[in-house]
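A short worksheet on the structure shown next.
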């Protein structure tokens with residue numbers, strides 16, 4: 001029994017306590033599917049440091065174009081234009097010292113799916129939050145969660 005309790009304690013310490021949510025601001029009502037897309041970062045309405053913007057760009061690119069079954073191939077098709085509308089990096093030390101009670105990180109990433117003719121096809125918001133984890137957890141986990149929500153929507157809707 002002690003071994004099980006120890007294993008569960010270790011697993012809790014090593015895992016980041018993170019959550020995610022998708023909000024569809026404007027749903028896609030068309031029926032056309034798209035094979036190709038291009039990715040475009042739009043200026044965020046909240047301050048975000050360049051390190052997190054660069055990380056987000058790499059992670060969005062990987063989520064949409066990489067893997068065994070990519071959602072899109074790179075090229076002319078739709079444009080996925082994304083920006084931050086909420087960004088609170090929180091305090092990693094606060095998350096660590098309070099075991100996730102304080103210092104939470106929360107990001108809100110908005111993505112527009114724009115058709116080849118410039119028409120807005122859909123707008124979604126991916127939210128990711130981190131409240132704890134080993135050494136306080138990284139806010140990058142929240143970014144990953146928000147991107148995962150957006151990529152899942154793209155796969156279900158446009159592929």
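The values are calculated or read from the model by the stated rules, or taken from the named source; none is laboratory data. Keep in mind that what you see is a predicted model, and the values were worked out from it rather than measured. Using ideal geometry, Cβ is built from the backbone for each residue, glycine included, and neighbour counts are taken over all protein chains shown.
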Taking the condition at pLDDT 95 or above, in contact with a helix residue (DSSP H, G or I) (Cβ under 7 Å, 6 or more places away or on another chain), within 27 Å of residue 119 (Cα to Cα) and surrounded by 13 or more Cβ atoms within 10 Å (Cβ to Cβ), does residue 37 pass? yes
Number of the condition not met by residue 134 [criteria: (1) surrounded by fewer than 21 Cβ atoms within 10 Å (Cβ to Cβ); (2) modelled with pLDDT of 85 or more; (3) in contact with a helix residue (DSSP H, G or I) (Cβ under 7 Å, 6 or more places away or on another chain)]: (2)
Out of curiosity, is residue 102 modelled with pLDDT under 95 and either crowded, with 16+ Cβ neighbours inside 10 Å or under 19 Å from residue 145 (Cα atoms) (or both)? no
The one condition in (1) at pLDDT 85 or above; (2) assigned to a helix (DSSP H, G or I); (3) farther than 25 Å from residue 35 by Cα; (4) touching a helix residue (DSSP H, G or I) at 6+ places or on another chain (Cβ under 6 Å) that residue 147 fails to fulfil: (3)
Could you list, in sequence order, the residues of segment 44-60 that are under 12 Å from residue 111 (Cα atoms) and surrounded by fewer than 16 Cβ atoms within 10 Å (Cβ to Cβ)? none
If we ask which residues in segment 45-69 are under 17 Å from residue 148 (Cα atoms) and in contact with a strand residue (DSSP E or B) (Cβ under 8 Å, 6 or more places away or on another chain), their number turns out to be 8
Looking only at segment 61-76, how many residues end up being at pLDDT below 95 and surrounded by 17 or more Cβ atoms within 10 Å (Cβ to Cβ)? 0
